[in-house]
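Read the structure below first, then the notes.
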Amino acid sequence: MNLKSNLIFTLYTVYGILLKVMASKGKVRGVSGQYPLVQNVTVTEGGTANMTCRVEYNDNTSLQWSNPAQQTLFFGDKKALRDNRIELVRASWAELTISISDVTLSDEGFYTCSLFTMPVRTAKAYLTVLGVPEKPEINGLTNPAMEGDYITLTCITQGSKPAADLRWFRNEKEVKGAKEVNASGKTFTVWSSLQLHVDRNDDGVAYTCRVDHVALAQAPQQATEVLEVHYAPRVEIIKSNTVPQEGQYLKLECVSRGNPSPDPVLWTKDGGELPDLDRIIVEGRELTFTSLNKTDNGTYRCEASNHLGKNSAEYVLYVYDVPTTLPPSTTPPQHPIPPDPTVQLGTHASDPTVTGSRDPNALGQHGTDHALIGGVVAVVVFVTLCLIIVLGRYLARHKGTYLTNEAKGADDAPDADTAIINAEGNHAHAEEKKEYFI
């Protein structure tokens, strides 16, 4: 504070003391229980803070604002401290409002509003200054990274107050990192690390570090890095036809994925070069057969490589005979024909709707005839066995004893002649005891 400021401050102090003395002698009457009213203020670093002090009832007693160092800023409407950032907003007997622009962290603290009654009444308002975190930086990224590498990404931000929070995102999906906070004066430095085991799925992935802080509620700070991963190729063969047949067109596409891109690719057949290049066309990654025949049967291999390695895929081609049936239509017929249940999938049986007669060599027809004949034979054998069993049981139940005429009269006769006569005498009852042998 320079000499002039000190002089002004001294005059204002003397003036305040005189007011107090006058009030004590009754020349100026104070209001009993009168207190200044203030509120705490929070402002972002670099912003403007308005400090307001009010009284509900005032008898022309002056109000004064002082800074945390107890330096008088304004006494009534009179500026006491030379600081271009501090301005008077409103001054009256009931209110004193000042503004502090371009606030720094050093401006934080308790500000005192004094009401010069007897005794002097004071109220303190705390000015909180928020430290704005700097834009974060991501370190530790090595592009390109190799598949299988372990890398650690580190995000750092400085100048936050209170300490900022750092969050990691992998293509907008949050992932967890390890946070560390270090105090530096009134502000904080915050680190967050993210460990990665790099694979091919990380290629082209954006990793973002975002700073969350109360001073950045409307526009959070963030930094983004895109990871590039180099990896050996992977190969796959895609065919155009499910069941290749003689005379048809067939295209095999070699799909190779790698970084750097494995281009071109190498086609071979059964471990050697491709034959008949007039009919087999190679264009880039595609192998095309203009008209298939049986000589095309074999194992076709596609190989792709880059500086990290090579990979291959194989396709075994078997050319089928042209079927005797019409090929299925790609559009549904107007009157659908129900399928023949005797035709089995994977065979070349003729369609009776086309040829008018069933193919005698068709697998489905022979299978049905054999099953029918076998069933009939089994039924006949079963019925015959049942009849034999029933007949045997019937004969066993009707088996009896059969006597001669001599035996029939032997019970009461002393000799054979008498027995015969007795038997003939009982002939009248013989009809009742007859048994018939079948």
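So here's what we get for this one:
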quantity	calculated
Matching residues, the stretch 246-256, being touching a Leu at 6+ places or on another chain (Cβ under 9 Å) and open to solvent by less than 40 Å² (accessible area, probe 1.4 Å)	L250, L252, C254
E286 free of Cβ contacts under 8 Å to residues at least 60 places away in the same chain and either within 29 Å of D149 (Cα to Cα) or open to solvent by 50 Å² or more (accessible area, probe 1.4 Å) (or both)	yes
Residue in the stretch 306-314 that is assigned to a loop (DSSP other than H, G, I, E, B) and open to solvent by less than 60 Å² (accessible area, probe 1.4 Å) present	no
Of all residues making up the stretch 205-235, the number that are within 22 Å of the chain's Cα centre (by Cα) and open to solvent by less than 50 Å² (accessible area, probe 1.4 Å)	7
Members of the stretch 181-204 that are within 30 Å of L252 (Cβ to Cβ) and either modelled with pLDDT of 95 or more or surrounded by 15 or more Cβ atoms within 10 Å (Cβ to Cβ) (or both)	R200, D203
Residue among E134, E174, E180 that is among the charged types (D, E, K, R), assigned to a loop (DSSP other than H, G, I, E, B) and over 30 Å from Q71 (Cα atoms)	E134
Flag for T299 being part of a strand (DSSP E or B), farther than 30 Å from A145 by Cα, out of contact with any His (no Cβ under 9 Å at 6 or more places or on another chain) and of a type in the set (V, I, T)	yes
Some residue of the stretch 114-124 being in the same structural domain as N60 (by the TED database), of a type in the set (S, T, N, Q), free of Cβ contacts under 8 Å to residues at least 24 places away in the same chain and open to solvent by 40 Å² or more (accessible area, probe 1.4 Å)	no
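Residues are listed down the side, and each one gets a yes or a no for (1) closer than 17 Å to N139 by Cβ; (2) free of Cβ contacts under 8 Å to residues at least 12 places away in the same chain; (3) assigned to a strand (DSSP E or B):
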| site | (1), (2), (3) |
| --- | --- |
| I151 | yes, no, yes |
| C155 | yes, no, yes |
| Q158 | yes, no, yes |
| W168 | yes, no, yes |
| F188 | no, no, yes |
| W191 | yes, no, yes |
| Q195 | yes, no, yes |
| Q218 | no, yes, no |
| A223 | yes, no, yes |
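The values are calculated or read from the model by the stated rules, or taken from the named source; none is laboratory data. Everything quoted here is computed from the prediction, not taken from an experiment. In this analysis, Cβ positions are derived from the backbone assuming ideal geometry, glycine residues included, and neighbour counts consider all displayed protein chains. Ligands, DNA and RNA are stripped out before the accessible areas are found, and what is left, the full protein with its side chains, is counted by its heavy atoms. Shrake-Rupley method; radii C 1.70, N 1.55, O 1.52, S 1.80 Å.
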